[in-house]
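First the structure, in the form of structure tokens, and then the observations on it.
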Amino acid sequence: MMQPKAINSKQKLFDRWAPNYDWVFTSVFYQAIHHRLLECVDLPEKPNVLDIGCGTGRLLTRLATEFPNLQGTGLDFSAEMIRQARRRKPDSVRPRLIYVRGNAESLPFADGQFDAVFNTISFLHYQNPEQVFSEVSRVLVPGGRFYLADSAFRWPPTPQFLNISPGGMRFYSPQVREQLGVQAGLDCAGHYALLGPVLLSIFTKKTV
Ligand SMILES: C[S@@+](CC[C@H](N)C(=O)[O-])C[C@H]1O[C@@H](n2cnc3c(N)ncnc32)[C@H](O)[C@@H]1O
């Protein structure tokens with residue numbers, strides 16, 4: 001398990017970043033990823049979706065705008081990211097989106113609650129990837145989808161880069177992602193290159 005000290009340091013990093021998150025260069029990169037991800041999204045008529053590591057909520061706002069019957073929950077362990085997400089919710093989608101603070105490794109939701117789970121550029125920070133996959137599988141309905149978008153390899157390729165985030169960062173190849181899915185009862189439906197090193201992997205929860 002991740003040491004509490006490392007968790008606190010990671011949370012503090014994101015708390016500090018949150019107020020400026022939407023206007024620094026990296027945000028442009030993340031929003032381009034969201035844009036491309038949306039082209040691959042397939043949801044039922046009235047979807048209930050979860051975004052883990054939601055940051056300031058930009059992806060959920062996009063999803064709620066694109067899918068007018070969508071209900072969305074954003075979860076993040078940074079209190080400041082959650083505060084920004086609540087503050088920046090546009091009026092047009094406000095009643096359909098909620099934001100809660102929590103850890104990806106222990107989701108505060110009932111079993112089989114969501115039609116889809118999203119996770120963009122957050123998985124690389126997790127210390128227990130198997131646990132997160134298991135939690136995602138637990139909260140998905142049978143046949144529900146998990147959209148995982150993250151770097152598939154280290155980029156930029158400098159060791160110093162990995163030290164930016166306390167506790168380090170981890171990168172998962174398509175093969176390792178598939179293996180994580182199998183262990184959690186999720187079939188991999190495919191991998192799609194989104195931008196640079198960022199690979200989208202789509203999983204479906206087994207129906208039996
Ligand atoms: C680089 S930001 C990406 C935010 C958003 N998904 C996006 O695409 O813009 C990574 C986010 O993951 C969150 N995060 C990292 N580890 C987490 C964990 N164990 N549980 C919940 N959130 C976590 C951070 O607080 C941060 O908001």
Practice prompt. Working carefully through the options Leu50, Leu59, find the one that is surrounded by 17 or more Cβ atoms within 10 Å (Cβ to Cβ), more than 9 Å from the ligand (Cβ to nearest atom) and at pLDDT 95 or above.
Written response: Leu50
Worksheet item: On the given criteria, is Ser27 loosely packed, with under 15 Cβ neighbours inside 10 Å, of a type in the set (S, T, N, Q) and over 26 Å from Lys205 (Cβ atoms)?
Response: no
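Test Val132 against the stated conditions and say whether it is of a type in the set (Val, Ile, Thr), within 13 Å of the ligand (Cβ to nearest atom), in contact (Cβ under 8 Å) with a residue 12 or more places away in the chain and outside any strand (DSSP E or B).
Details: of a type in the set (Val, Ile, Thr): yes; within 13 Å of the ligand (Cβ to nearest atom): yes; in contact (Cβ under 8 Å) with a residue 12 or more places away in the chain: yes; outside any strand (DSSP E or B): yes.
Taking the combined requirement at face value, the residue satisfies it.
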Worksheet entry | Answer residue from the stretch 9-47, given it is β-branched (Val, Ile, Thr) and within 9 Å of the ligand (Cβ to nearest atom) and is farthest from Ala189 (Cα to Cα) among those | Thr26
Worksheet item: Among the residues of the stretch 62-81 satisfying the criterion of being more than 9 Å from the ligand (Cβ to nearest atom) and part of a helix (DSSP H, G or I), which is surrounded by the fewest Cβ atoms within 10 Å (Cβ to Cβ)?
Response: Glu66
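Taking into account only those residues within the stretch 89-121 that are hydroxyl-bearing (Ser, Thr, Tyr) and surrounded by fewer than 22 Cβ atoms within 10 Å (Cβ to Cβ), which is nearest to the ligand (Cβ to nearest atom)?
Residues of the stretch 89-121 hydroxyl-bearing (Ser, Thr, Tyr): 92, 99, 106, 120.
Filter once more, so that each one left must be surrounded by fewer than 22 Cβ atoms within 10 Å (Cβ to Cβ): 92, 106.
Details: Ser92: 20, Ser106: 9 Å.
Only one residue tops the list, namely Ser106.
The values are calculated or read from the model by the stated rules, or taken from the named source; none is laboratory data. A quick note: this is a predicted structure, and the numbers were derived from the prediction, not measured. Virtual Cβ from ideal backbone geometry, glycine too; neighbours counted across all protein chains shown.
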